[in-house]
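Written below as structure tokens is the structure these notes are about.
Read the figures in this text as sums done on the coordinates, not as results from a lab. Being a predicted model, the structure only gives us computed values, none of them experimental. Cβ sites come from the backbone with ideal geometry, for glycine too, and all protein chains shown count toward neighbours.
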Amino acid sequence: MAEVEKIKENLVYAKNRLLTNEVMHYCPGCSHGTIHKLIAEVIDEMGMEDKAVGISPVGCGVLAYNYIDCDWAESAHGRACAVATGIKRMAPDKMVFTYQGDGDLAAIGTGETIHACNRGENITIIYINNAIYGMTGGQMSPTTLVGQRTATTPQGRDVNLHGYPFKISEMAAMLDGTCYVTRQAVNSPANVRKAKKALRKAFEKPMKGQGLALIEFVSTCNSGWKMSPVAANQWMEENMFPEYPLGDLKERE
């Protein structure tokens, strides 16, 4: 019986110590909370809590510093990669990462993102792609799908007016400065496990001086999409995954 009780103790789920007690402001069903959990777990398991520095710009993730207990810096909208570059060059022993949404990274921050990738800065970009501006009312973002309805495309995204969805991970994978580019999701237990492994690799490679790592999370925004969490996950699987297929796009040893 003592052995059984010991096994039960080891199986008890506990909140990671790097997650604070702040109540998250994210909408029910939002992917951000799960991704925050993975970030905290990986930093903790790597023993890098004293060396990790996150940069969060404008967007739903702007308050990430309230939830993950490591050093953080705020940047202006779209400028996270520029701020991360400065911090990493001044403190090369730090594990520097950005936490950005598609409205930030793939719109106003495209220039900073692409040039950081091209320079091969030894930083990690964590990119949350939910195909919409979730914080400001559900407007079209660069990654909104063709035909997808948003607050600014009530008839659906029209390629003749708005162009095509922006696949920034494919673009980053073509650049010489990137060492690891991957696309993951947290919509199922199996995908959460895969995402955690990919996230650790995305942290480790820049710390070895191999270049920039970008991990894109294809995510839901059930509030912006006007769906229940369950329906949003199903819609993502049926519509987002074909446009943004999961898996590694590039890995350089």
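How high is the relative contact order of the chain, given as a whole-number percent (alpha carbon pairs under 8 Å, six or more residues apart)?
18 percent
Run the reach check for residue 37 against aspartates and glutamates, Cα to Cα strictly under 17 Å, same-chain hits fewer than 8 apart removed. What comes back?
Result set, ordered by chain and number: 22, 45, 49, 69, 71, 216.
If you take every DSSP beta bridge fully contained in the chain, what fraction is antiparallel? Give it as a percent rounded to 5.
20 percent
What is the fewest-to-most order of 63, 199, 214 by other Cβ atoms lying within 10 Å of their Cβ?
The fewest-first ordering by Cβ neighbours comes to 63, 199, 214.
On a 18 Å Cα-Cα criterion, which of the cross-link pairs 167/205; 201/250; 167/250; 88/194; 167/208 come out too long?
167/205; 88/194; 167/208
In what sequence do 27, 221, 60 fall when counting other Cβ within 10 Å, fewest first?
27, 60, 221
Quickly estimate the mean residue ellipticity at 222 nm for the chain, helices only: each DSSP H run with n ≥ 4 gives -39500 (n - 2.57), and the total goes over all residues, rounded to 500.
So the helix-based figure for the chain works out to -10000 deg cm²/dmol.
Through the Karplus equation 6.51 cos²θ - 1.76 cosθ + 1.60, θ set to phi - 60°, convert the phi angles of segment 122-138 into ³J(HN,Hα) values in whole Hz; use x for Gly and Pro.
Values per residue, Gly and Pro as x: 7, 10, 10, 9, 9, 10, 9, 10, 10, 6, 6, 7, x, 7, 10, x, x Hz.
Evaluate the charge dipole of segment 28-251 about its Cα centre and quote only its size in Debye, nearest 20, assuming +1 on the Cβ of each Lys and Arg and -1 on the Cβ of each Asp and Glu.
200 debye
With the Cα gyration tensor of the chain giving a ≥ b ≥ c as the square roots of its eigenvalues, does the rule (a/c under 1.5 for rounded; else a/b larger than b/c for prolate; else oblate) give rounded, prolate or oblate?
Verdict is oblate for the chain.
Sort segment 137-253 into rounded, prolate or oblate with this rule: let a ≥ b ≥ c be the square roots of the eigenvalues of the Cα gyration tensor; rounded if a/c is under 1.5, and if a/c is not under 1.5, prolate when a/b is larger than b/c, oblate otherwise.
Since a/c reaches 1.5 but b/c is at least a/b, the shape of segment 137-253 is classed as oblate.
With a 10 Å Cβ neighbour count serving as the proxy for reagent exposure, in which order, fewest first, do 161, 18 appear?
By the 10 Å Cβ count, ascending: 161, 18.
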